[in-house]
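These notes concern the structure reproduced below.
FYI, it's all coordinate maths here, none of it is from the lab. None of the values given here were measured: they were computed from a predicted structure. Please note: Cβ atoms are built from the backbone with ideal geometry, for glycine as well, and neighbour counts cover all protein chains shown.
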Amino acid sequence: MSSNFSVDVLVPTQARLCNVEVINTATGLSAKQSLKLTPSYSGTDFDVAKVSSPISFSSPDEVFDVCSADFDGDGKLDVAVANQCNANSCKGVGTAAVLFGNGDGTFRQPLVYGTDLSSIRVVVEDLNDDGLPDLVIGNSRGRVGSVSVLLNGGIGNDSKPPRITLRASAVIMQSPKGPLLKVTISGVITDDLSGVNPNSATSTLTDKTGKVRRKGVVNLGVGGRYSKTISLLASSQNPDLTGRYVVTVRAKDNAGNVGSKNTVVNVPIELRNATDTGSFRRSEPDQKELDGPCRVIVAAIVGCCRRRYGWGSTHS
């Protein structure tokens with residue numbers, strides 16, 4: 001039903017957040033709503049009691065607009081958001097982020113792109129007619145505005161591995177079970193095209209003999225950041241925890257490219273805590289401690305040993 005002032009539209013259940021366009025089929029004239037339509041449902045097919053609890057995903061900035069499309073071509077809907085800059089979380093530049101969907105209502109870690117000013121609108125269109133959805137970001141601050149265009153390169157065109165940064169530090173500590181080596185690693189794993197596969201990140205600790213001592217999963221946080229402590233307890237097969245270790249972090253992107261980063265950690269004896277029992281540090285006596293009566297006693301003992309055992313004597 002429609003009139004000169006209103007149009008009734010039947011929205012299918014699979015409709016997404018979008019702009020509504022009305023076309024006059026007789027004249028070909030059209031008009032597009034400036035604001036996006038938020039579908040609302042009613043009737044027997046919608047049961048409020050069956051709505052699940054909200055699942056929240058963190059964003060580096062203040063989310064101002066959102067849209068959905070299949071950006072990576074896997075048949076699962078993804079979400080793009082425009083993040084408005086605010087004084088507490090960024091320095092004058094807005095961002096856009098893409099959260100790749102898993103197909104079950106959950107999403108992987110977002111890919112974040114810098115835009116301009118305060119990003120307040122995000123629109124999806126195929127701008128270069130390659131069949132891939134691109135992003136157009138509207139930015140504004142006061143009376144100044146700009147447009148940022150993010151072209152979708154597609155996973156098939158992604159031949160570069162993820163970028164990995166890695167920092168590591170080590171210390172030997174005492175534990176109830178004996179000396180314990182703790183290696184703390186941290187860094188960032190990013191991929192600007194297809195995104196990092198968060199389930200692929202791993203770490204490996206190799207000792208001075210080339211043997212892998214520890215291997216495990218690296219959990220990625222917002223923006224691909226990670227931090228992890230690797231522990232290695234001394235044993236009869238590996239009693240000496242000092243020496244050279246190699247830490248390796250590996251990860252894949254969603255196109256299957258593998259990236260890795262190595263760093264060397266040297267663990268000298270001096271890294272053992274000074275309060276630890278069984279310290280391997282060598283302590284040289286202070287000369288002042290040997291003055292006085294103690295020095296006389298030491299000299300007498302040395303002289304006695306020389307006379308008895310011939311230390312320091314020469315024989316012709």
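Note on segment 117-219: semi-axes of the ellipsoid equivalent to its C-alpha gyration tensor, largest first and rounded to whole Å, are 45, 19, 10.
Annotation: for a label point projected 7 angstrom from Cα along Cα→Cβ of ASN262, residues of segment 167-185 with backbone N closer than 20 Å are 167-170, 183-185.
Calculated FRET efficiency, ARG143 and ASN199, Cβ-Cβ r, R0 51 Å, to nearest 0.05? Walk me through the intermediate numbers first.
Numbers: r = 46 Å, r/R0 = 0.90.
Working from the Cβ atoms, E equals 0.65.
For segment 132-171, the set of trypsin sites (Lys or Arg not before Pro) satisfying both a DSSP loop assignment and a count of at most 14 other C-beta atoms within 10 Å is given as ARG143.
Can you give the FRET efficiency to the nearest 0.05 for LYS177 and GLU125, using r as the Cβ-Cβ distance and R₀ = 45 Å? Kindly include the intermediate steps, with their values, before the conclusion.
Working: r = 61 Å, r/R0 = 1.36.
Step by step, r from the Cβ atoms, then E = 0.15.
In nm, what is the difference between 0.36 nm times the number of residues separating VAL217 and ARG244 and their Cα-Cα distance? List each step's numbers first, then the result.
Values: separation 27, 0.36 × 27 = 9.72 nm, distance 2.22 nm.
The VAL217-ARG244 span can extend by a further 7.5 nm.
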